[in-house]
Amino acid sequence: MAYTPEMKELIKRVEATRPERVERVKQGIQFPKLSLEESQRRLKTYHPDYKEEGRREFKIGPNKGDGHSYPDEVVDLFEAKSRIDPEIVDLSKPDYETDVLIIGGGGAGTTASLFAQENGMKVIIATKLRHGDANTIMAEGGIQSADSTKDSPYYHYLDIIGGGHFTNKPELVKVLTLDAPLIIQWLESLGMNFDKTPDGEMRLLAGGGTCRKRMHSCGDVTGAEIMRTIRDEARNRRDDITVLEYQPAVEIILDEDGKAAGALLYNMETEEYTIVKAKAVIITTGGCGRLHIQGFATTNHYGATMDGIVMAYRCGVPHCFLYATQYHPTGAAYPEQNVGLLITEKMRTAGAQPVNIDGEEFTFPLEPRDVESANIIRECMDVGKGIPTPVGRIGVWLDTPMIDMLRGEGTVEHDFPAKYIQFKRYGIDISKEPLLVYPTLHYQNGGVEANEWGETKIPGLFVAGEVLGGIHGENRLMGNSLLDINVYGRRAGIRAAEYVKEGITLKKLTLEHVRAYHKELKEAGIETDRISPMLLPDYSNPEVRAKQLTARYFGTLR
Amino acid sequence: MTTTVAKDAMRKGDKTVIAEGTRMIPIYVMGKRYFVPETLTIQKAMEYAGYQFIRSCGCRGGICGACATVYRLEGDYKLYSGLACQTVVQPNMYLVQIPFFPANKVAYDIEKLPYDVTAIQTTYPETFRCVQCNACTKVCPMDLQVMDYMAAAIRGDIEAVAEMSRSCIMCGLCTSRCPAETNQYNMAELCRRLYGRYGQKKSQQVAKRVEEIKAGKYDPMIEELQSLPLEELKKRYEEREWEPVMSEGWEPKETKYL
Ligand SMILES: Cc1cc2nc3c(=O)[nH]c(=O)nc-3n(C[C@H](O)[C@H](O)[C@H](O)COP(=O)(O)OP(=O)(O)OC[C@H]3O[C@@H](n4cnc5c(N)ncnc54)[C@H](O)[C@@H]3O)c2cc1C
Ligand code: SF4
Ligand code: SF4
Ligand code: FES
């Protein structure tokens, strides 16, 4: 709904300071960046990751006693039983057999399928929703690659590792920066549309925490353009790439030697379980926004529930950096219909500043995401200069009209068509009125432990994309994730094909690891009805649920 | 005061908060009446009514095209459409979701197609059966000029199709309405790819960087960073030169790592 009269009154204060702020930006004057030390202090005080309540340690599995505490919403998934009783599954009659099984039909999974296929593999992609219903399709801002003459992989590396607080795994970062231009070239060759100059050069933009302009994009639909392109290509190769929709994986199947050997899928429509036998398995299940950690809203798609990490963990594969969750500094806080919706960082890159109730700047607009989020939370919670909404949410202004003033009338509408329409629908013209924003749950940061080929400690089990941990350490920068899903999707696809071609003989299939996991739960004294992977969040009306007298729920699903 | 509001707000997650005194209105889901708060989107209203989605729900953010919905309003012959995750309910709306509509997707090899109208003729010949009825444009929830991009395709203006279909979410509603049985959005996808592959020039700078990387130019620089003690690495990070927002004509001072 359009801004209320009270809010409109407040917007006048933003308008009052706007001309002067625009003038300062033109002269290159911005609110100062925080020093590393000061950033750390801000994070410790204001970032949700540093809160002690609502977190606990792992009591079972490979991350038991690793010295970190994790959000309850995460640990709950691991202190939970399988959806299936291993005793009643007959693994001797697989429903499908293939070379490579890919779990998750988003960006990483689709790229992996293309490279595995090019290397001679028959591929099955099993995915939870439709092919492409994924975080990838939602990405707006862009994809990083250091190819400009004023930039190089050296600076890209520095930005990534500094943005991740120097916790990233150096080898994973190295590969990410050095493979980047190759990926851009590959996407170009598939016919992805980029924002280019007439002579074919990239129109590059800056991003939070990046010292050079390095963002390649396609308007504000970059992720959608990547997903559409690679999905179309996978469909062109349908003789070798089979896609099973609405059939999420619920457990990885191993063979008696402990090699990956397939997965158990759950057909959400017919409610039957099916078995895929495969010589190699690549997990590309993406992130976890739908866990609503600490009650935050999220930008993620409906199926982002951390399933892949849970399944790999039951096989004994550790995870890393899951204690750090990424909150995007600018999620929509108004109108109610748009709450949680991502307001791309590119708005700030293009010149929009976060300002408080008095129209004052309080943060450098392009701090690394965690610091920017902490600054916004501080402004609302401590400084007390947030703007309340009619239903009791709170946010700060993102002064989008500055963009047109800096870059010319019509820029907002042209460069951010999707966002422009999404607010226009509710009577808010973001080229003339600021947006109300608050941090929102955005990215997983951590994930399954693997090397620079996506190989985990289980032979034949690979991971790629948001489910792979360590590339971004504790904090990812914008544009490096669309990059990593392609870099690691490609690598996992290629290496999986090599692994299969070495000649894999699968022994008897087993779910013994699930049995063992159940035993470990019991021995740790964890008595629970919880089951995982979650598959889908539950947004149904609790009052209706209470009246479903004969329904039986299994986790969040009936 | 502000602090309590904020802490509370943070716990709400994606649950829509229904403001005190919100009016309840009737909507008809596949003909069946439910009373829902008038502020909700169709998607959240259906969840409020007790539905749990498996289909018809993807991104929840207006970009995946899973939640295409068509509806009529009582006493109004017109057919309306929208994305369930983006459209607010109205009193007495009769709605149905179209989670899937069959469409012809042709397998082709992008390397073997020419960059002209014959590419469309050989893959999606039905495009040329378009009778310009405009039903597709009317139903498109993204307000695209679908009929116009079909006309551009018939003219062989691949670039125009690419530009005009840029925000297509491939929801399939246009295809569901077409009397000529065309497959507008798959054809448009083909054109976007042809445009990216042949219409847009390749970036020379990207190609050059790929070669430089292959030749190993940057390996020593990255290895240098990897071998630095943490304090020194932090120093380099803090001291790195920053390209300004308005950077026309700007050149970095440090050039040895370029
Ligand atoms: C709104 C938004 C904006 C973003 N903007 C940017 C940006 O500008 N730049 C950038 O670099 N990054 C951005 N990101 C991050 C980036 O888009 C994602 O991190 C990345 O696309 C993840 O890709 P993926 O392939 O790993 O996962 P996804 O694309 O999420 O794909 C995972 C797939 O696996 C499926 N799946 C899940 N569980 C199962 C299961 N049990 N069995 C089978 N299938 C399953 C999911 O349904 C999904 O289809 C953004 C993210 C969001 C949400
Ligand atoms: S052009 Fe067709 S498929 Fe694309 S958004 Fe419009 S109606 Fe949906
Ligand atoms: S609905 Fe079909 S026939 Fe009518 S204008 Fe669109 S493409 Fe042409
Ligand atoms: S759920 Fe993706 S467009 Fe509505």
Practice task
Work out the mean other chain Cβ neighbour count within 10 Å for the residues of B:191-204 and drop it here as an integer.
Solution key: 6
Problem - Order of exposure, largest accessible area first, which applies to B:71, B:80 with probe 1.4 Å - result: B:80, B:71
Completion exercise
Output ordering of A:349-360, B:56-67, A:140-151 (per-residue mean of other Cβ within 10 Å, highest first) is B:56-67, A:140-151, A:349-360
Practice task
Tell me what chain A gives for mean residue ellipticity at 222 nm when only DSSP H runs of n ≥ 4 count, each as -39,500 (n - 2.57), the sum divided by the residue total, rounded to 500 deg cm²/dmol.
Solution key: -10000 deg cm²/dmol
Handout entry: Value of [θ]222 nm, deg cm²/dmol, for chain B, DSSP H segments ≥ 4, -39500 (n - 2.57) each, nearest 500
Key = -10000 deg cm²/dmol
Problem - B:98, A:11, reordered so the largest accessible area comes first (probe 1.4 Å) - result: B:98, A:11
Handout entry: Candidate residues A:292, A:47, A:414: accessible-area rank, largest first, probe 1.4 Å
Key = A:414, A:292, A:47
Handout entry: residue A:257-residue A:166 FRET efficiency (beta carbon distance; Förster radius 35 Å; 0.05 resolution)
Key = 0.35
Exercise for the section: Provide the solvent-accessible area of residue A:232, counting protein heavy atoms only and rolling a 1.4 Å probe, rounded to the nearest 10 Å². Expected result: 10 Å²
Exercise for the section: Quick one: work out Rg over Rh on the C-alpha atoms of the range A:385-439, Rh as Kirkwood radius. Expected result: 1.01
Practice task
Could you name every residue in the range A:90-138 that has 30 Å² or more less accessible surface in the full protein assembly than in its own chain alone (probe 1.4 Å, ligands and nucleic acids excluded)?
Solution key: A:130, A:133, A:137, A:138
Exercise for the section: Please average, across the residues of A:31-41, the number of beta carbons from any other chain that are within 10 Å of each residue's own beta carbon, and give a whole number. Expected result: 1
Exercise for the section: Please give, to one decimal in nm, the separation of the simple spin-label points placed at residue B:115 and residue A:429, each 7 Å out from Cα toward the Cβ. Expected result: 3.9 nm
Practice task
Can you send over the solvent-accessible area of residue B:113, 1.4 Å probe, protein chains only, in Å² to the nearest 10?
Solution key: 30 Å²
Fill in the blank from the handout: About its Cα centre, the range A:423-558 carries a charge dipole, from +1 on Lys and Arg Cβ atoms and -1 on Asp and Glu Cβ atoms, whose size in debye to the nearest 20 is 540 debye
Fill in the blank from the handout: Interface buried area A-B, accessible surface with 1.4 Å probe, both sides summed, nearest 100 Å², comes to 9400 Å²
Practice task
Compute the separation of the alpha-carbon centres of the range A:246-303 and the range A:356-402 and state it in Å as a whole number.
Solution key: 37 Å
Exercise for the section: Can you tell me the dipole magnitude for chain A around its Cα centre, using point charges on the Cβ only (Lys, Arg +1; Asp, Glu -1), in Debye to the nearest 20? Expected result: 100 debye
Exercise for the section: Please state, to two decimals, what the Cα-based radius of gyration of the range A:27-108 comes to when divided by 2.2 N^0.38 Å (N = residues). Expected result: 1.89
Fill in the blank from the handout: Over all viewing directions the Cα convex hull of the range B:110-199 casts an average projected area in nm² of 4.8 nm²
Fill in the blank from the handout: Expressed per residue, the solvent accessible area of the protein assembly as shown in Å² (1.4 Å probe) is about 36 Å²
Handout entry: Size of the protein assembly as shown as Cα extents on the principal axes (Å, biggest first)
Key = 74, 72, 62
Exercise for the section: Tally up the carbon and sulfur contribution to the accessible surface of chain A as a whole percent, 1.4 Å probe, everything protein left in place. Expected result: 50 percent
Completion exercise
With a Förster distance of 56 angstrom and the Cβ-Cβ distance between residue A:29 and residue B:107, calculated FRET efficiency to the nearest 0.05 equals 0.50
Exercise for the section: Determine the relative contact order of chain A: mean sequence separation of Cα pairs under 8 Å and six or more apart, normalised by residue count, in whole percent. Expected result: 24 percent
Practice task
With a point put 7 Å past each Cα toward its Cβ, work out how far residue A:57 is from residue A:40 in nm, to one decimal.
Solution key: 2.3 nm
Completion exercise
Cα-only Rg/Rh for the range B:24-97 with Kirkwood Rh rounds to 0.93
Practice task
Place +1 on the Cβ of every Lys and Arg and -1 on the Cβ of every Asp and Glu in the protein assembly as shown, take the dipole about the Cα centre, and give the residue among A:74, B:142, A:350 whose Cα lies farthest towards its positive end.
Solution key: B:142
Handout entry: Efficiency of FRET from Cβ geometry, residue A:267 and residue B:126, R₀ 35 Å, rounded to 0.05
Key = 0.60
Practice task
Summarise the long-distance tail of P(r) for the range A:146-186 by giving the % of C-alpha pairs beyond 16 Å.
Solution key: 32 percent
Completion exercise
Each residue of A:206-219 has, on average, a number of other protein chain C-beta atoms within 10 Å of its C-beta equal to 2
Exercise for the section: Report Rg/Rh for the range B:144-238, rounded to two decimals, where Rg is the Cα radius of gyration and Rh the Kirkwood radius. Expected result: 1.35
Completion exercise
The local net charge around residue B:81, scoring Lys/Arg +1 and Asp/Glu -1 for residues other than residue B:81 whose Cβ lies under 15 Å from its Cβ, equals +3
Completion exercise
HN-Hα couplings for the range B:21-27 via Karplus (6.51, -1.76, 1.60; θ = phi - 60°), in whole Hz with x for Gly/Pro, come out as x, 5, 6, 9, 10, x, 10
Practice task
Can you list which of the GluC sites (Glu not before Pro) found in the range A:216-257 are DSSP loop residues with at most 12 other C-beta atoms within 10 Å?
Solution key: A:256
Practice task
Ignoring everything but the protein chains, give the 1.4 Å probe accessible area of residue B:213 in square angstrom, nearest 10.
Solution key: 30 Å²
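The values are calculated or read from the model by the stated rules, or taken from the named source; none is laboratory data. Worth saying up front: this structure is predicted, and the values here are computed from it rather than measured. Neighbour counts run over all protein chains shown; Cβ positions are idealised from the backbone, glycine included. Heads up: the accessible areas ignore ligands, DNA and RNA and are worked out on the full protein's heavy atoms, side chains in. Shrake-Rupley method; radii C 1.70, N 1.55, O 1.52, S 1.80 Å.
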